[in-house]
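Beneath this line is the structure, given in structure tokens, with notes to follow.
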Amino acid sequence: MKIKLSTALVMGSSRGIGRAIATKLAREGVKRIGIHYHSRRDEAEKTLALVTQAGSSGVLLQADTSDAKQARSVVEQAAEELGGCDIFVQSAVPTFEKIYEHALSTEVPLSKWQLAFDSQARAFFIAAPTAAKYMRDGGRIIALSYRAGAETGGWQPWIGMGSAKAALESMCRYLAVAMARDGITVNAVSPGAWGDKSTLFGQTPQQVQDAMNEWGRVGWNPMKRNCLPSDVANLCALLCSDEAAFVTGQSIVVDGGGSLMNPEFPLALQVPR
Ligand SMILES: NC(=O)c1ccc[n+]([C@@H]2O[C@H](COP(=O)([O-])OP(=O)(O)OC[C@H]3O[C@@H](n4cnc5c(N)ncnc54)[C@H](OP(=O)(O)O)[C@@H]3O)[C@@H](O)[C@H]2O)c1
């Protein structure tokens, strides 16, 4: 399933899931890709090498998207350098310790909550409509979310990010309606609750990683494996295809069925023998 759109900006593609998305888009035929980073230019260059290997070209763009001005200017710069912006993906997220409180804390400082909102909700509110101005008919906007944070409220130290992701998903629905007349789709994609070492998950305290890996391994994830960046990138590429032109305003979870499990039932009653 080749993608016919030719330009893409992937915010936060120096590492993790954003890198997997930029590389997948290149493999599926997107010709010019904006690779955005915050401080790790060395990592962004590795993404650029992968994009080039896949036969596409890329430009490196630096910005702190928790700053409103930069969230706009980086999109304008990308569109100018790429000659358009048919696809816009928001995958950027500040490093873990800037948002998270320690594992047992129920009090998250206002500054951390604010950074979560500035980098997720406000950045998207500014960057997505800016990108849409440079989109051809049939453009695509995708925001990386976190379903559990957006919909539930169990993981206390993540209150800022969870509520910011809820705002992000809500905005996807509003923008989907507003942009439908131009054939632009807007969707949120939520990776499974854990990823591999290259992603944000790899920055969590080791006790969190161990506990979540064990949780999946024993069967709380019916597929009994981690969500990989490539699982998320595959869905993003599908959403950028012609065939997904009628899918908009949705929050789609890529978690191997993990979110289907019922916390009120003992696991032994849910996992088939
Ligand atoms: N990994 C998971 O388990 C998981 C689960 C659910 C949802 N998600 C969501 O998936 C998305 C990608 O997560 P990930 O794990 O791939 O993250 P990641 O590996 O930590 O990568 C974060 C990216 O954001 C950039 N960044 C950091 N601070 C920034 C700032 N202030 N302004 C702009 N960009 C900044 C980084 O640039 P530098 O390299 O220059 O620092 C990097 O490109 C996020 O939206 C996250 O919330 C992830």
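Quick note: the coordinates plus some simple rules give every number you see, no bench work behind them. Computed from a prediction, not measured in an experiment: that's the story for all the values here. Here the Cβ is made from the backbone with ideal geometry for all residues, glycine too, and neighbour counts use every protein chain on show.
Brief remarks follow.
- Net charge over other residues, Cβ less than 14 angstrom from the Cβ of Ile3 (K, R count +1; D, E count -1): +4
- Helix 159-179 and the longest principal axis of the C-alpha atoms of the chain enclose an angle of approximately 40°.
- GNM result for the chain, Cα springs below 10 Å: residue of Glu81, Glu97, Glu43 fluctuating most strongly: Glu97
- Charge context of Ile252, other residues only, Cβ under 11 angstrom, K/R +1, D/E -1: -1
- Across the chain, Cα-Cα distances exceeding 35 Å account for 13% of all pairs.
- Tensor-based shape of the range 16-154 (alpha-carbon gyration tensor, a/c under 1.5 rounded, otherwise prolate or oblate): prolate
- Shown here are the Rg and Dmax of the Cα trace of the range 1-53, at 10.2, 34 Å.
- To the nearest ten degrees, helix 206-215 and the longest principal axis of the Cα atoms of the chain are 80 degrees apart.
- Note on Leu168, Leu110: ascending count of other Cβ atoms within 10 Å places them as Leu110, Leu168, the fewest first.
- Neighbour net charge for Ala132 - beta-carbon separation under 12 angstrom, K R +1, D E -1: +1
- Taking Cα atoms only, the orientation of helix 68-82 departs from the longest principal axis of the chain by about 50 degrees.
- Karplus-derived 3J(HN,Hα) values for the range 223-228, using 6.51 cos²θ - 1.76 cosθ + 1.60 with θ = phi - 60°, are 8, 6, 8, 5, 6, 9 Hz; glycine and proline are entered as x.
- Long-range amide H partners of Ile252 with built H, under 5 Å: Ala188, Val189, Ser190
- Using just its DSSP H runs of length 4 or more, each adding -39500 (n - 2.57), the chain gives a mean residue ellipticity at 222 nm of -12000 deg cm²/dmol after division by all residues.
- Comparing Gln62, Gln207, Gln120 in a Gaussian network model of the chain (Cα springs below 10 Å), the most mobile by mean-square fluctuation is Gln207.
- Between the range 145-164 and the range 53-95, the C-alpha centres lie 26 angstrom from each other.
- Residues Tyr37, Tyr174 in ascending order of nearby Cβ atoms (within 10 Å, fewest first): Tyr174, Tyr37.
- Order of Trp158, Trp215 under a 10 Å beta carbon neighbour criterion, fewest first: Trp215, Trp158
- Hydrodynamic radius of the range 167-267 per Kirkwood, over alpha carbon pairs, in Å: 15.2
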